[in-house]
Amino acid sequence: MSLSVAYALLFYFAAAVIALGLIYRIALYARTPAPLKIPTTPAPTTRSGVVMRMGREVVLFSSLFKSSKWTWLFGWLFHFSLLLILLRHLRYFLQPIPEWVILIQPFGKYAAFGMVIGLLGLWARRIFVDRVRYISSPSDHLMLVLLLAIALSGISMKFIWHTDIVSLKMFVLGLLRFDIEPLPADPGLLIHLGLVASLMIIFPFSKLLHAPGVFFSPTRNQVDNPRERRHVAPWATRLEGADGG
Amino acid sequence: MADFETPVIKEYPIVPMLQRDVMSHSKPFTAKAQFQEELGFPGELPDNWQKIALDKMGELLGKYRGLRVFLDSCVKCGACTDKCHYFLGTTDAKNMPVARQDLLRSVYRRHFTLAGKLFPKLVGARELTKDVLDEWYSYFHQCSQCRRCSVYCPYGIDTAEISMAAREIMDSVGVGQKYCNEIIGKVYKIGNNLGLPKPALADTLEGLEEEVKEDTGVDVRFPLDEKGAEVLLITPSADFFAEPHVDGLIGYAKVFHQAGTSWTLSSYASEAANFGMFIGSYENTRKVALRIREAALDLGVKRIIFGECGHAWRVAYAFLNTMAGPFDFLDPRYPVPQHICEFTYDLLQRGALTIDKSANDHRVLTFHDSCNVARATRMGPKPGGQFEIPRAVIKAVCNNFHDMPQDTIGEGTYCCGGGGGLLTDDLMEVRVKGALPRMEALKYVVEEKKVTHMAAICAICKSQFSKVMPYYGFTMDQIISVHQLVGDAIVLGDKQ
């Protein structure tokens with residue numbers, strides 16, 4: 001039971017860190033002004049155009065596609081697989097399980113291999129391409145190791161050493177109503193959950209901030225209309241007051 | 001003079017293998033105390049410079065969302081690593097955009113992030129030491145702020161923004177670049193980068209009137225400080241001074257003449273370029289930009305049109321309204337400001353100009369998209385007009401035109417190698433090497449399409465190419481102004 005308590009506390013802590021950390025960071029981005037119009041052009045001239053541009057970036061990684069086909073291939077495979085896997089995991093949080101979550105289950109299950117292939121491809125680039133090796137810090141390698149370990153521990157439970165999925169779901173649903181149910185003490189599950197909690201804790205302090213960051217990138221999210229609409233940041237307006245201009 | 005080797009143009013462009021610190025010796029001359037102080041910066045490195053620099057970094061992080069997002073978001077994917085012309089030309093690892101950003105990001109992480117405070121080694125964080133500052137000075141003056149990397153970054157991280165911030169921080173501790181800062185001082189004192197005072201300017205323009213009269217027999221005017229003119233033309237001061245720039249100015253004058261549009265230059269705002277942007281100083285950029293507003297008000301013009309100048313067009317198109325607006329005293333029927341290519345293009349579309357294309361038949365043209373026009377501005381109402389309009393103008397006045405390979409033009413265009421405040425003789429090595437990708441692309445069309453001339457719409461591009469093209473076996477007169485082509489083909493006199 002003490003194990004269950006420890007993991008419950010770990011997840012409450014991890015959830016608090018990622019939620020508060022991201023809220024703080026996003027609020028910081030949102031509050032910091034972008035004093036000049038700096039979209040990378042050609043850029044859309046309307047708001048809806050910007051939504052489309054951002055959509056292409058976030059869904060298709062369109063800029064990355066222009067720059068490096070291999071990085072795009074592995075990067076997109078990893079992220080899309082991760083999305084499917086996360087959605088599949090909703091089945092452990094929702095009761096009853098929505099129809100669409102049941103529908104994507106087989107895809108989500110095998111997406112784990114897509115995730116592993118994507119991560120291995122990205123890691124291979126990091127190790128074998130001299131330019132990418134040069135710019136990599138230890139943390140860049142460790143991040144890939146962490147994600148790989150999460151994927152492999154998950155795969156091991158799904159395909160080899162099955163865990164008691166019913167008890168796991170009881171534990172998760174218990175967490176959601178602040179009621180600690182017993183967690184199955186399978187090593188694979190404990191490793192998997194421990195790693196996921198670490199990832200959640202690291203998220204708001206690491207380069208994983210690229211996830212919210214991309215939405216705030218002025219080169220991508222600004223409308224190209226500086227001649228039509230005057231754009232001035234509050235701190236720049238104060239300069240105007242200072243010299244009467 | 002040249003104590004370096006010009007890169008060899010290969011049959012196909014290849015991404016070079018990395019080399020360490022082969023360009024760490026490249027440093028521009030530093031600005032003397034007097035010139036620093038004129039711009040509101042300390043004259044020399046103060047004792048507590050680290051604290052001042054870090055405070056400045058903190059201030060900029062609070063002022064510029066882009067800076068903070070860019071420093072946080074990089075995942076080191078490597079997409080940008082082979083995109084910088086300075087990397088391709090020098091092979092120096094620190095000229096990869098991400099590596100250049102990391103020079104600053106490492107200090108950001110150490111002082112502004114939890115991970116960097118707790119585990120500096122793990123996340124590549126480091127203290128701001130004198131060595132780091134020297135490295136900044138070297139490598140942030142090997143970036144032309146051309147934004148090519150930002151096109152290819154999945155998060156749109158723009159190294160230009162990082163370079164500007166780094167230069168602003170260096171200025172705040174008295175480490176300024178002589179070339180940029182002395183030029184800004186000249187603009188404040190005299191009105192233009194070249195330091196050309198009003199009498200000299202008037203003299204030059206008079207000379208041009210005589211020259212055009214001699215060539216064509218027509219009285220084409222080059223007005224200066226004429227109140228009540230419809231158009232204020234703001235053009236880089238290089239246009240008053242030397243080939244191939246001055247032929248572009250003659251082209252604008254002929255276009256205005258034929259359009260019957262009254263226009264004037266201003267001796268007070270006799271400069272389109274705004275080097276305040278190069279050093280990342282909002283205050284100085286704004287102060288230079290405000291001269292244009294004052295000149296427009298003083299002369300009572302209805303429109304502002306910019307001549308051929310790349311970074312200038314960025315400041316004009318994207319920043320002028322912000323920094324020196326609102327321009328509600330100008331004619332609302334026209335965008336403020338307009339580019340001379342937009343103006344000429346409209347006239348050509350309307351059939352208002354008589355053109356003899358055969359006047360350019362001895363030339364086969366290609367067009368170099370200037371970096372800041374391509375990736376930081378627009379012309380006309382549609383995105384991408386900055387690529388189409390100059391080409392449409394060239395094609396309307398020339399019979400022979402061929403583009404360079406697709407990945408070297410348009411939004412992927414390579415910088416000339418001299419932009420962003422690097423157009424100074426003390427940076428000749430990085431300028432020559434940085435021109436390599438453009439020279440490769442030019443060589444291709446010279447050999448395959450028999451191209452004889454490359455046209456451009458930027459004073460820096462034109463100056464840079466006339467200087468570096470001879471290193472690659474071209475001649476300096478192979479770079480030409482777009483409006484020289486217009487000026488040569490335009491038929492003066494009554495419409496036929």
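Within chain B, which cysteines find no other Cys whose Cβ is under 4.7 angstrom from their own?
When partners are defined as cysteine Cβ atoms under 4.7 Å apart, chain B leaves B:Cys74, B:Cys77, B:Cys84, B:Cys143, B:Cys153, B:Cys180, B:Cys309, B:Cys341, B:Cys398 without one.
GNM on chain A, C-alpha springs below 10 Å: top fluctuator among A:Pro218, A:Pro184, A:Pro42?
Most flexible of the set in this elastic network: A:Pro42.
When the Kirkwood hydrodynamic radius is evaluated over all pairs of different C-alpha atoms of the range A:38-137, what value in angstrom, to one decimal, is obtained? Walk me through the numbers before you get to the answer.
Numbers: mean 1/r = 0.0632 Å⁻¹.
Taking the inverse mean of 1/r over all distinct Cα pairs, the range A:38-137 comes out at 15.8 Å.
Let me check against my output: what whole-number percent is the relative contact order of chain B, with C-alpha pairs under 8 Å and at least 6 apart?
On the way: 920 pairs, mean separation 88.9, N = 496.
Result for chain B is 18 percent.
Using the alpha-carbon centroid of each, what span in Å lies between the range A:18-51 and the range B:350-398?
33
Which ordering of B:Thr408, B:Thr30, A:Thr46 is given by a fewest-first count of other beta-carbon atoms within 10 Å? Mind dumping the intermediate values first?
Working: B:Thr408 21, B:Thr30 18, A:Thr46 11.
Ordered from fewest to most neighbouring Cβ atoms within 10 Å, B:Thr408, B:Thr30, A:Thr46 come out as A:Thr46, B:Thr30, B:Thr408.
Within 10 Å of each Cβ of A:69-78, how many other protein chain Cβ atoms are there on average?
Details: counts 0, 1, 5, 3, 0, 1, 4, 0, 0, 0.
What the average comes to for A:69-78 is 1.
Averaged over peptide B:154-167, how many Cβ atoms belonging to another chain are found within 10 Å of each residue's Cβ? Each step should come with its number before you reach the end.
Numbers: counts 17, 13, 15, 6, 7, 0, 3, 4, 0, 0, 0, 0, 0, 0.
Mean number of neighbouring Cβ atoms from other chains: 5.
Just want the answer: with Cβ charges of +1 for Lys and Arg and -1 for Asp and Glu, which residue in B:Met277, A:Gly194, B:Ala33 is farthest toward the dipole's positive end in the protein assembly as shown?
Selected residue: A:Gly194.
If you count the DSSP beta bridges with both ends in the protein assembly as shown, what percent of them are antiparallel, to the nearest 5? Provide the component values of the computation, followed by the final result.
On the way: 2 of 19 bridges.
The antiparallel fraction comes to roughly 10 percent.
So if I place +1 on the C-beta of Lys and Arg and -1 on the C-beta of Asp and Glu, and nothing else carries charge, what would the dipole magnitude of chain A be about its Cα centre? I want it in debye, nearest 20. Could the numbers behind the result be given before it?
Numbers: 24 positive and 12 negative charges, 170 e Å.
Approximately 820 debye in magnitude.
Quick check: convex hull of the Cα atoms in the range A:121-245, volume per residue, rounded to a whole Å³?
Hull volume over Cα atoms, normalised by residue count, gives 242 Å³.
Contact order normalised by length for the range A:2-225, with contacts defined as Cα pairs under 8 Å and 6 or more residues apart; what percent is it?
Working: 210 pairs, mean separation 81.8, N = 224.
Reported relative contact order: 37 percent.
How large is the helix-only mean residue ellipticity at 222 nm for the protein assembly as shown, computed as the sum of -39500 (n - 2.57) over DSSP H runs with n ≥ 4, divided by its residue count, in deg cm²/dmol to the nearest 500?
On the way: 35 runs with 404 residues, N = 741.
Result for the protein assembly as shown, helices only: -16500 deg cm²/dmol.
Quick one: check the C-alpha center-to-center distance for the range B:191-257 versus the range B:124-150, whole angstrom.
The range B:191-257 and the range B:124-150 have Cα centres spaced 39 Å from each other.
Over the alpha carbons of the range B:330-427, what is the largest minus smallest coordinate on each principal axis, giving the biggest first in Å?
45, 41, 27
Determine by what factor the alpha-carbon radius of gyration of the range B:434-496 differs from 2.2 N^0.38 Å, reporting the quotient.
On the way: Rg = 14.0 Å, N = 63, 2.2 N^0.38 = 10.6 Å.
Compared with the compact-globule rule of thumb, the range B:434-496 sits at 1.32.
Going highest first, how would you order B:470-483, A:228-241 by mean Cβ packing within 10 Å? Numbers along the way, then the final one.
Working: B:470-483: 19.1, A:228-241: 13.7.
Taking the mean over residues of other Cβ atoms within 10 Å, the ranking is B:470-483, A:228-241.
Looking at the range B:212-283, which trypsin sites (Lys or Arg not before Pro) are DSSP coil and have at most 11 other C-beta atoms within 10 Å of their C-beta? Numbers along the way, then the final one.
Working: sites: B:Lys213, B:Arg221, B:Lys227, B:Lys254; in loops: B:Arg221, B:Lys227.
Qualifying residues, ordered by number: B:Lys227.
Sorted by average packing, counted as other Cβ atoms within 10 angstrom per residue and highest first, what order do A:49-56, B:414-421 take?
B:414-421, A:49-56
If you place +1 on the Cβ of every Lys and Arg and -1 on the Cβ of every Asp and Glu, how big does the dipole about the Cα centre of chain B come out, in debye to the nearest 20? It would help to have the intermediate numbers written out before the result.
Working: 56 positive and 62 negative charges, 376 e Å.
Charge dipole, chain B, about its Cα centre: 1800 debye, nearest 20.
So what is the relative contact order for the range B:100-231, in percent, with contacts set as C-alpha pairs under 8 Å and at least six apart? Intermediate values should be presented prior to the final figure.
Working: 99 pairs, mean separation 17.4, N = 132.
Once normalised by length, the contact order is 13 percent.
In Å and whole numbers, how far do the C-alpha atoms of the protein assembly as shown stretch along each principal axis, longest first?
Taking max minus min along each principal axis of the Cα atoms, the protein assembly as shown gives 100, 56, 54 Å.
Once the other residues with Cβ under 11 Å from the Cβ of B:Ala456 are scored (Lys, Arg +1; Asp, Glu -1), what is the net sum?
On the way: positive: B:Arg438, B:Lys462; negative: B:Glu308, B:Asp369.
Net charge around B:Ala456: 0.
Hey, what's the Kirkwood Rh for the range A:2-225 if you take every pair of different alpha carbons, in angstrom?
Details: mean 1/r = 0.0508 Å⁻¹.
Hydrodynamic radius (Kirkwood, Cα pairs) of the range A:2-225 is 19.7 Å.
Highest first, please rank the peptides B:365-374, A:30-39 by the mean number of other Cβ atoms sitting within 10 Å of their residues.
Values: B:365-374: 27.1, A:30-39: 19.9.
Top to bottom by mean Cβ count within 10 Å: B:365-374, A:30-39.
Filter the trypsin sites (Lys or Arg not before Pro) in the range B:1-109 to those in DSSP coil with at most 12 other Cβ atoms within 10 Å of their Cβ, and list the result. Write out the running numbers ahead of the final one.
Working: sites: B:Lys10, B:Arg20, B:Lys32, B:Lys51, B:Lys56, B:Lys63, B:Arg65, B:Arg68, B:Lys76, B:Lys83, B:Lys94, B:Arg100, B:Arg105, B:Arg109; in loops: B:Lys10, B:Arg20, B:Lys32, B:Lys76, B:Lys83.
Of the trypsin sites (Lys or Arg not before Pro), the ones in loops of the range B:1-109 whose Cβ has at most 12 other Cβ atoms within 10 Å are B:Lys10, B:Arg20.
Evaluate peptide A:60-67: per residue, the Cβ atoms of other protein chains within 10 Å of its Cβ; return the mean as an integer.
Values: counts 0, 3, 1, 8, 6, 3, 9, 13.
Whole-number average of other-chain Cβ neighbours for A:60-67 is 5.
Among residues other than B:Gly62 whose Cβ falls under 13 Å from its Cβ, what is the net charge (Lys/Arg +1, Asp/Glu -1)?
+3
With +1 on each Lys and Arg Cβ and -1 on each Asp and Glu Cβ, and nothing else charged, work out how big the dipole of the protein assembly as shown is about its Cα centre, in Debye to the nearest 20.
2840
Report, in whole Å, the centroid distance computed from the Cα atoms of the range A:187-245 and the range B:57-74.
9
Counting only residues 5 or more places away or on other chains, whose amide H sits under 5 Å from the amide H of B:Gln177 once H atoms are built in the peptide plane?
Correct list: B:Ala31.
Where a number appears in this text, it was derived from the coordinates with a stated rule and is not lab data. This structure is a prediction, so every number in the text was calculated from the model and none was measured. Every residue, glycine among them, receives a Cβ derived from its backbone with ideal geometry; neighbour counts consider all protein chains shown.
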